[in-house]
Amino acid sequence: MKLIIAGSTGYVATEIIRQAISNPAITSIIGLARRETAVPANAGANASKLKSVICKDFNNYSEDVKKELAGANACIWTIAVGIGKVKDFPFEHVRKTCLDYVVNGLETICPLGAKPFRFLYISGSNVTRDQTKKPLFMRDYTLLRGEVENRVLAYAEKSNGDMLPCIAKPGLIRKPGQTTLSGGIGPWILMTVLGVPSVELVHISATLIDQAVNGIEKEALLCEDMTRIGSKILADQETSL
Ligand SMILES: NC(=O)c1ccc[n+]([C@@H]2O[C@H](COP(=O)([O-])OP(=O)(O)OC[C@H]3O[C@@H](n4cnc5c(N)ncnc54)[C@H](OP(=O)(O)O)[C@@H]3O)[C@@H](O)[C@H]2O)c1
């Protein structure tokens, strides 16, 4: 199968690519980003499956980029301004990156793909779909990301089964071996005081690849789902070695 990873230069995408390269069911990986996508460290022998495709403007895909995306079976979308970087940009930039790029990505990428096309979008555990709510923490951003989830689901609804959505809702995404305390006081406060759930980077990555390849278990995946699915996949891979 052919898998597109949008935002392929990022933290989560790099681990997804590393795992996808060694997955025999995936024959082609398109790393879609605004700059060159490097082959991840420890990618193994099949790194030639990865093709870096640069998109200069995610509101306007060139014909060359569209050609590279055509015929894919699934897309894992990771492009966003993450919660920790929101304050570094004007909100219009955050809105364009988090919402407009996803909406345009859906409208551009899904019709070029195989049917049904699986679209896996990474959101966040605190994201609120109900736009009448008034979240206490980062209200505008939390509602914006909820609006994106609504748009992904609305696109799927309108597609009559041509696009199948999956929305991952991680809290903190922990690096391999990172405990709740090793990320410093910020993550500790979030996780223990505010009750933000966490998932390991390897588990969210394994889960999203699995759902892209084998089918979507449910429309929204929480940290506990991704820990369950991801840890089983990795344990099965260990025993088959
Ligand atoms: N990391 C976490 O702990 C965490 C927790 C919960 C949810 N999430 C969500 O998971 C997703 C992926 O997170 P991540 O940590 O992997 O993010 P990341 O490392 O910041 O990567 C984001 C990707 O989006 C691209 N991007 C950002 N702004 C862009 C723009 N204006 N135009 C084009 N591309 C742009 C980045 O490109 P460049 O590399 O060129 O900047 C990169 O490829 C996000 O939706 C995030 O909110 C992450």
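Quick note: the coordinates plus some simple rules give every number you see, no bench work behind them. Predicted model, so just to flag it, every value in this text is computed and none were measured. Neighbour counts run over all protein chains shown; Cβ positions are idealised from the backbone, glycine included.
For the chain, what does -39500 (n - 2.57) per DSSP helix run (n ≥ 4), summed and divided by total residues, give at 222 nm, in deg cm²/dmol to the nearest 500? Could you put the intermediate results ahead of the total?
Details: 8 runs with 90 residues, N = 241.
Theoretical 222 nm ellipticity from helices: -11500 deg cm²/dmol.
Distances over 21 Å make up what percent of all Cα-Cα pairs in the stretch 1-95? Counting pairs separated by more than 21 Å, the tail of P(r) holds 33 percent.
Rg/Rh for the chain stands at 0.94; both radii use Cα atoms, and Rh follows the Kirkwood definition. The modelled label-to-label distance for the pair E224/R151, using points 7 Å beyond Cα in the direction of Cβ, is 3.1 nm.
Our summary gives the chain a relative contact order of 18 percent, counting only alpha carbon pairs under 8 angstrom and 6 or more residues apart. For trypsin sites (Lys or Arg not before Pro), the sites in the stretch 51-127 that DSSP calls loop and that have at most 11 other Cβ atoms within 10 Å are K56. Computed from point charges on the beta carbon alone (+1 for Lys and Arg, -1 for Asp and Glu), the dipole magnitude for the stretch 1-139 about its Cα centre is near 300 Debye.
When only alpha carbons are used to place a centre, the stretch 7-27 and the stretch 196-234 end up 14 Å from one another.
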